[in-house]
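Down below is the structure, laid out as structure tokens.
The values are calculated or read from the model by the stated rules, or taken from the named source; none is laboratory data. Bear in mind that the values here come from a model prediction, so they are computed numbers and not experimental data. Because the Cβ atoms are built from the backbone with ideal geometry, glycine has one as well, and the counts that use them run over all protein chains shown.
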Amino acid sequence: MRVLSLLLISLNSFLLPDPAFNGVKIVTRQVTGGFSDTRTEYLTSNRLRSEWQTHMGERSGPAMASIFERGNTNRVFVLDLQAHEYITYETDSQGSALGVRQHPVTYSGGMLQIWIDSTDTGERQKMFGHVARHIITREKRIATPGACSRSSESETDGWYIDESVMPEWRRPKKSGGGVVVATLVAVSSSNACLDKVDRIDIHRTGTDPGFPLKVTTTMKSEVSDPDGGKRTLASTWGSEVTELQEGPLDPALFEVPNGFSRVEALKNWYAPAPRRQPTGWEWFREKLEEIFR
């Protein structure tokens, strides 16, 4: 009975809103190469509204938004703000749409080993009413034979504040070293890697950075030329919070506006709604996948 009581307490703490959190609005701009993406997020203890629009040169994608409501099952609304149309569906706790058959995971024959070390430089700066820490994070990835990912090294120069600015359910999950999980397949045109994932082995050392306000990442990786030669590819991308406001939010932000029509599919949208704001690496990887698709 004691075990059951502890389990129920744990489930309730995950599902129930955090009464200490009022709300926050965060505007973030992410840039890499010719791509730029501005994302505005409104967060409460159990809801999220995310608005985004991607730009490449003079071309702009449609203005989109998603509304995420947490509960025993999660309700997601995806809105085309230009066409005044929306779709809606439910997901489980992992973000998978209910009623949709999931494809079985197929692992590659290799593993991606990742070593992450974060060092606090000791520098401090006042940003949005918070004291931000200057932290340098170095990451080394080694792909073993048979892996679909590429070996790479990266360095992230960033300013971070305490994670309490975000609701508890949106804070990064802590994980120790040596945790083996799956990673999405890296950008590759090889049929051997089609729809496969690598297992990864993560090792973390140093300080816990916190919530990023401004980061710049430089990555170097080795790629193969068509003639079989090797060369080093260097890429730089970054993100910066341009607005951060803490306090109660208008409940209307989390409702579908009047005049929007529910449809089966959105013409201007081709990907599932984001469950969370991607990291700089994830965002950059998604753009590369669009290019090589």
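Side notes on the structure shown:
- Selected residue [loosely packed, with under 14 Cβ neighbours inside 10 Å, modelled with pLDDT under 65 and out of contact with any His (no Cβ under 6 Å at 6 or more places or on another chain)] from 224, 175, 188: 175
- Filter pass, residue 168 being surrounded by fewer than 16 Cβ atoms within 10 Å (Cβ to Cβ) and under 18 Å from residue 207 (Cα atoms): no
- Residue check, residue 121 among the hydroxyl-bearing types (Ser, Thr, Tyr), within 17 Å of residue 211 (Cα to Cα) and loosely packed, with under 15 Cβ neighbours inside 10 Å: yes
- Boolean, residue 100 is among the β-branched types (Val, Ile, Thr) and at pLDDT below 90: yes
- Residues considered: 158, 122. Of these, the only one that is in a strand (DSSP E or B), within 25 Å of residue 51 (Cβ to Cβ) and at pLDDT 95 or above is 158.
- Among the residues listed as 230, 220, 196, the single one being of a type in the set (D, E, K, R), within 25 Å of residue 30 (Cα to Cα) and in contact with a strand residue (DSSP E or B) (Cβ under 9 Å, 6 or more places away or on another chain): 220
- Within segment 78-87, being in contact (Cβ under 8 Å) with a residue 60 or more places away in the chain, in contact with a strand residue (DSSP E or B) (Cβ under 7 Å, 6 or more places away or on another chain) and either surrounded by 14 or more Cβ atoms within 10 Å (Cβ to Cβ) or small (Gly, Ala, Ser) (or both) holds for 78, 79, 80, 85, 86, 87.
- Residues being among the aromatic types (Phe, Trp, Tyr), surrounded by 13 or more Cβ atoms within 10 Å (Cβ to Cβ) and at pLDDT 95 or above are entirely absent from segment 228-239.
- Segment 193-272 holds strands (runs of 3 or more DSSP E) entirely within its bounds, and those carrying 2 or more residues that are more than 23 Å from the chain's Cα centre (by Cα) and charged (D, E, K, R) map to 230-246.
- Inside segment 34-45, residues that are more than 11 Å from residue 23 (Cβ to Cβ) and more than 15 Å from the chain's Cα centre (by Cα) make up a count of 3.
- Residue satisfying all of: in segment 273-293; among the charged types (D, E, K, R) and part of a loop (DSSP other than H, G, I, E, B); modelled with the lowest pLDDT among these: 293
Each row is one residue, and each column tells you yes or no for (1) surrounded by fewer than 18 Cβ atoms within 10 Å (Cβ to Cβ); (2) modelled with pLDDT under 80; (3) in contact with a Ser or Thr (Cβ under 7 Å, 6 or more places away or on another chain).
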position	(1), (2), (3)
8	yes, yes, no
16	yes, yes, no
29	yes, no, yes
47	no, no, no
56	yes, yes, no
68	no, no, no
76	no, no, yes
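- Top-ranked residue of segment 106-122 - restricted to ones that are closer than 10 Å to residue 138 by Cα and of a type in the set (Ser, Thr, Tyr), ranked as farthest from the chain's Cα centre (by Cα): 119
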